Every structure is written in C-alpha cells, then in structure tokens.
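Comments concern the structure below.
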Amino acid sequence: MAHKWGMVVDLDRCTGCEACVVACHAENNIPTAGEDQAARGRAKHWIRVERYWEGDFPNPRVRFQPVLCQQCDEAPCEPVCPTYASYHTPEGLNSQVYNRCIGTRFCANACPYNVRFFNFYNPEWDKPLQLQLNPDVSVRSVGIMEKCTFCVQRIKAAEIQAEAEKRELKDGEFTTACAQSCPSKALIFGDLNDSTSEVARLSSSNRGTKLLGELGTKPNVTYLERGTWDNASHG
Amino acid sequence: MPATAEQIEQDLLRPLFQSSGKYWIAVAIATSLLLAGVAAFGYQLYSGIGVWGLNSPVFWAFDITNFVFWIGISHAGTLISAILRLTNATWRRPVTRCAEAITVFSVLIGAIIPLCHIGRPWLAYWMIPYPSERHIWPNFRSPLAWDFFAISTYLTGSTTFLYLPTIPDFAAVRDVSTGLRKKIYRVLALGWQGTPRQWQRLEVAMHIMAVVIVPVAVSVHTIVSWDFAMTPVPMWHSSIFGPYFVAGAIFSGIAALILAMALLRKFLHLEQYLRPIHFENLGKLLLTMSLLWFYFTFAERLTAWYGNSPPEMAVFWESIRKNFAPLFWTMVVCNFIIPVPILAIKRLRTITGTAIASACVVVGMWLERFLIVVPALEHKFLPYSWGTYRPTWVEDTLMASSFGMMALLYLLFSKFVPMISIWEMKVGLQSHGGVPVVVPAESRPVLEGPQ
C-alpha cells in the first residue's frame, strides 16, 4: 500500500527547547540569516516554535507551538504555482521542485501557515559550517522558494533500502530530523496508512486538532492538546 | 474649434516636425528616471532580490502594487475609447488617441513589472506553453498563468486598437514628409490611399476591435484581482474583487486620461481641440466612478465587519485604525472626499478642477492597491508569523522609473504620431455638411442630449 506521511505534534509535551529547529537547519542545509537579515524578517526556519503568552502577571503562561509545513492534502500553495514547482507527490507530500521554481512567491502568499521561505540572496555559511553540509540535500540558490520536505531524503533512502532488501518499511525505522532530535518526544513522524504506526494511533487521539483546520486545507500534521491551560492548578 | 481641414492638419502635425526646448528637457528627465530603474534592476539581479524590502511574510508589496496600478491605468484607453466609439459619442474625437496610447504603454509597463519581480527573471519564459525538453506546460490552474494569457492578449488587442485608427494619419504624415521619414511612414501606413473600400474596411475593423476589446479589458482586471481572490488570505478571498478591481481600474484610467489631456493641451497648445467640454464630460464619468468606487469599498468593508471573522478583522482594523490608518484615510480623501465635490459642482468642474481631482484619484488608487496587498500579507492567520514591510530605495527607484518609462513613451509617441486623430477631427467637420463650423455644436455632450 502507498505511504501517506504524517506527523503528530504533542503540544502537551513540547518544552520549546528548539532542538528541532537546530536539527532541521543542520539536516536540510538551511543557512542562518544573521542578525541584520533576521531583523528584516528574512530568517528561514522550516520548523519554528511559536510562543504565545496567556494571562497577566503574576500568572502568565507561555505556550509553545511548533509549526512546520502541514503537508496539506488540499494545499493552497499548489494550484497557484504557474510552473508546477509546488507539486503534490503520489505519497501526499507538498514538494517544492527547486529547479522548476521561477520565484513568483505566490505559493508563500497563499500558504496560511507562512511556512514557505524565499531565498532573497544566495546562501552563505560562516566557516567552517560549509563543511557540514548534508550531501543528500540540494543547496538552494537565490530567487527560489523552499520549505519543509518531511526530510524527503530520509524517506527516499529508507524506501530504497527496504526495496533492496525486499521488505516492507517498518514503523520507526527512520524519522525526520526534527522528530529524531526532540528530547521530549513531542514530534512523532510516520506512515498514516499503516494503521499500526504510532503516528496513525496518535492522530486519531481525541486530543487531536488540525492547525487552522477550518480553512479546509486537510493537513497531515495533527496537534495534540489536552485543552485549555488551567492557571490555578499550575500556578 | 479649428475652422478648416487645413487648419486641423497643420495644428496636429506641428508637434511631429517641431519641438521646443521644454520637450527635450522632459525627455531627458524621463530617460534618466528610466535609466535609474534599469540600474536598480541590474543591482537587484547582481545582489539578489533581498535588496528589496520584502520579507517573510510580505512576499509582494511595491512590485505587485505597481503592477495592479499600471494595469488599472490601462483601462483608460480601451474602455473609455471603445465605449465612446460604440455609443457614437461625437465629443470623443479628440480624446480617443491619447486614451488608447495610455493603454498600450501602461499595459506594457504592467507586463514588465512581474518579469522584474520574480526571483529568477531569466526563466520568465517558462510561463509560455511551448514544447520543451522539460515536458512541462504551465499550470493552467494558476491565476498567474491566466494573467500571462490575459495580459498578452490585452497588449496585442490594445496595440491593434490603437494602430487601426492611426493608419490614415500615418498616411497623412507620409504625404507631407520627405526622405527617411517618408519611407518609415509609408511602411506604417500600410499602403493607405483613402479609397472608399479602404475606409469601409477600416470602419469594420475598428468596430470589431471596439466590441472585442471591452470584454478583454474587463477580463484582464478581473484576472488580476483573482491573483488575490483565489487564495485563502484574509480580506483577499472575496467574490467582490473582480468587479471592484474593474471599477477601480476604469476610475484610475479616466483620472490618468484627464491628467494626460491637461498636460497635452498645455504643452502641445491644443487648446482649440481639447476644450473644457471634454474635461467636463470626462469629469462626469470620473464622478460616476468615484461614487461606484465608494460603494464597492463600503460594501467590501461592511460585509467583512459583519462577518467578524478574527483573521479578517485583524487585517480590517490594521488598515482602518492601526498602522495603515493614515494611508487608508488618505485614500478615502483622495478617491472620494476631494473629487466628489469638485466633480459634482458645475462651477468647479473646470480643466483645473478635473485635473486636481484626477491627480488625487491617481494617488488614491495607488494607495488602494497598496492597502490591498500589504496589510493582508502582514497579518495572515498565525499572529506569531506576522511581519512588517518597508520599501527600500531600490523599490522606490523602480517605481519612479515606471513613471519615467510612461512619460518617455508618451513623449516619444507625441513626436511620431499625431496625439489627436486628424482624420476623425476632419470627419467631425464633414458631419456638418462640409460647412466649416465655428460654433462647436457637434461636440456638445451626447450625454446631455441636444440643447
């Protein structure tokens, strides 16, 4: 059966440590923008940890919300691309084909989650960081869009390996860089079509919601959350 | 009102053969603005589009504002000229050529801007469906692909629409010139001899083009609006956008036409041709469009407010109360509060009055497009990813250069083509039994009926 890749983000487990962000940068050859450019809104993080504050002093609460590409089934970014650079793969990924992209940035505007990033300049790494580039991932040039791929290089490598060994992929055999590095196991990646997988089991949890699900984008990322914060019990 | 055909020919051909020092100064200023833009674009190509003020999440700003602005201005020629031709409004005769020229040049500018704004301009030809080694056609689901076809159709159509009624005038220039100029105009005149058969065919062709260009113009600005309306972005995803954009485009187009006519009248000494009646009639059209614009804006805002959806209200309040409030209310003043009294009171509906109102409308409509593009992108859904936008000098220069390009093309056009259709003015004389008319009875506004 075809795979359908999905993720679960357990907001009750996320500590906001941002290890996922660092791991993603390292895995996917994402350059750091630097202080000046970041201040101008040019920072690129395929996954980011959003922070929202609730309540006032003396009982403020901070809530963390990791946001990455939701790999929507009905992705608003896909139909708007005039050159098919944002393309829906048979495995349900919203892929970005870098060498087809001419940089209209329409996909980024259409994306309600703001998880698509534009290369305003050619990428540069402070020495010696250029030596740690991942050879399995393209370095993106100026003028094109990029986004979370669900570590498609890892998916492909695992699929090829399984095929070579003439066996089915096992749940947990591989995972994305962000999920791998999450110390509190707040991110769980896997095949939603495999009903025994952890991600399929957690996705149907009654704690589950979709981010901006009301827009009808049908995300393949599910957020788990117990409910609203109870300040009294935590205070 | 010129008395004779000879007088008309002499007056209207004069700018082609004589130019003042002021003309060359204007050409120099326009050229330097255009060159500054070319230099800024070169710098942007060399450094990366990061030299613009765009960021995440504001991926479109001045670029698309100017694109929509110029495509909007282009509705001056087609709609005004085609509708006036189709309704046989005789006062149109001195107006159509300057309107149609505005159309061609502003569509051209509008078409160039997206080519400069994309991340890899050297690959822009991938928008064209051609059998390539990549085996990929454009994505016909994308409003940008619709844009490509709509704008290229419009550019072709409006160029034809401008060219057809110019053929007899090219022949007129051919007949009075010598040397290289004669050779060039002989080609442009396409062998025009003025035989009855040629006149009849020209009339038919012009009529067909006038009918065809109206739906093309309406579809172009509708499709431009769909660049926004087809996305789930708050305050963009609205069914009112198509007609709202078309009305706004005609509004800004008439304003640009009045401004251009006021300048032509002054600098080419066309006082006898572009007379107060023309400004008054166009002023009335501008007044109608101003009221229509207000109605659309009001309807759009009121439905958003009653809908009260939180993401839309974030954008809504941002534009009318918070950061963008000064721009928003300037827009309302420029598009409605200033022009309506000027244009509604007969005593104020003079050449100066309509020109002032038009200048306000051009500014106001630019602001309208900016206020559609930027506040929505800044405030899309997840508040953590909200951003702010400030243009850089590169974007300012490119914008100034688009105005420079318009001015340059228009100035050069006035040097090579009579800005007022000579033969149509002569037809105006003939329509009164060939008797030289001193009292401008024929150019009484058709809208008011005979007086």
Cut-off of 10 Å, at most 15 other beta carbons, DSSP loop: longest stretch of chain B lacking such trypsin sites (Lys or Arg not before Pro): B:142-320
Rounded to whole Å and ordered largest first, report the semi-axes of the equivalent ellipsoid of region B:217-352 derived from its Cα gyration tensor (root of 5λ). 34, 17, 12
In sequence order, what are the phi-derived ³J(HN,Hα) couplings for region B:298-305 according to the Karplus relation 6.51 cos²θ - 1.76 cosθ + 1.60 with θ = phi - 60°, rounded to whole Hz, with x for glycine and proline? 4, 4, 5, 5, 5, 5, 4, 5
Through the Karplus equation 6.51 cos²θ - 1.76 cosθ + 1.60, θ set to phi - 60°, convert the phi angles of region A:178-183 into ³J(HN,Hα) values in whole Hz; use x for Gly and Pro. 5, 5, 4, 8, 6, x
Specify the inter-centroid distance of region B:56-93 and region B:349-413, based on alpha-carbon positions, in whole Å. 14 Å
Rounded to two decimals, the Rg over Rh value of chain B from Cα coordinates and the Kirkwood Rh reads 0.98
Computed over region A:13-229, Cα set: Rg, Dmax in Å: 17.9, 60
Need one number: % antiparallel among DSSP beta bridges in the protein assembly as shown, to the nearest 5. 85 percent
Remind me, relative contact order of chain B in percent, using alpha carbon pairs under 8 angstrom and six or more residues apart? 32 percent
Taking H placed 1.01 Å from N in the peptide plane, check which residues at least 5 places from A:E50 or on another chain put their amide H under 5 Å from its amide H. A:Q65, A:V67
Please get the size of the charge dipole for chain B, origin at its Cα centre, with Cβ charges of +1 on Lys and Arg and -1 on Asp and Glu, quoted in debye to the nearest 20. 740 debye
Could you give each residue of region B:133-141 its phi-based ³J(HN,Hα) in whole Hz, using Karplus coefficients 6.51, -1.76, 1.60 with θ = phi - 60°, and x for Gly or Pro? 5, 7, 6, 10, 9, x, 7, 6, 7
Compactness relative to 2.2 N^0.38 Å, alpha carbon Rg of region B:21-151: 1.33
For region A:116-194, run through the chymotrypsin sites (Phe, Trp or Tyr not before Pro) and keep only the ones in DSSP coil with at most 15 other Cβ atoms within 10 Å of their Cβ. A:W125
Given charges at beta-carbon only (K, R positive; D, E negative), |dipole| of the protein assembly as shown in Debye: 2080 debye
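Can you work out D for the protein assembly as shown in µm² s⁻¹ from Stokes-Einstein, where Rh is the Kirkwood radius over C-alpha pairs, the temperature is 25 °C and the viscosity is 0.890 mPa s?
Value of D from the Cα-based Kirkwood radius: 87 µm²/s.
Would you mind ranking B:C334, A:C151 by Cβ crowding within 10 Å, fewest neighbours first?
Neighbour counts put them in this order, fewest first: B:C334, A:C151.
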Answer with one residue from B:S142, B:A28, B:A247: the one whose Cα lies farthest towards the positive end of the charge dipole of chain B, charges on Cβ with Lys, Arg +1 and Asp, Glu -1. B:A28
Summing -39500 (n - 2.57) over the DSSP H runs of n ≥ 4 in chain B and dividing by its residue number, what mean residue ellipticity at 222 nm do you reach, to the nearest 500 deg cm²/dmol? -22500 deg cm²/dmol
May I ask you to derive the relative contact order of region B:53-100, considering only C-alpha pairs under 8 Å and at least 6 residues apart, and to give it as an integer percent? 35 percent
Where both residues lie in chain A, what percent of DSSP beta bridges are antiparallel, nearest 5? 85 percent
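Treating only the Cβ of Lys, Arg, Asp and Glu as charged (+1, +1, -1, -1), what charge dipole size does region A:13-229 show about its Cα centre? Round to the nearest 20 debye.
On the way: 25 positive and 26 negative charges, 75 e Å.
With Lys and Arg at +1 and Asp and Glu at -1, about 360 debye.
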Note down the relative contact order for region A:13-229 as a percent, whole number, built from C-alpha pairs under 8 angstrom at least six residues apart. 21 percent
Would you list, by chain and number, the aspartates and glutamates whose Cα falls below 16 Å from the Cα of A:K185, excluding same-chain residues fewer than 8 positions away? A:D10, A:D12, A:E18, A:D171, A:E173, A:E198, A:E225
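Bear in mind these aren't lab numbers, they're just calculated from the coordinates by the rules spelled out. Only a predicted model underlies this, so the values are computations on that prediction, with no experimental measurement involved. Here Cβ is always computed from backbone atoms with ideal geometry, including for glycine, and neighbour counts include all displayed protein chains.
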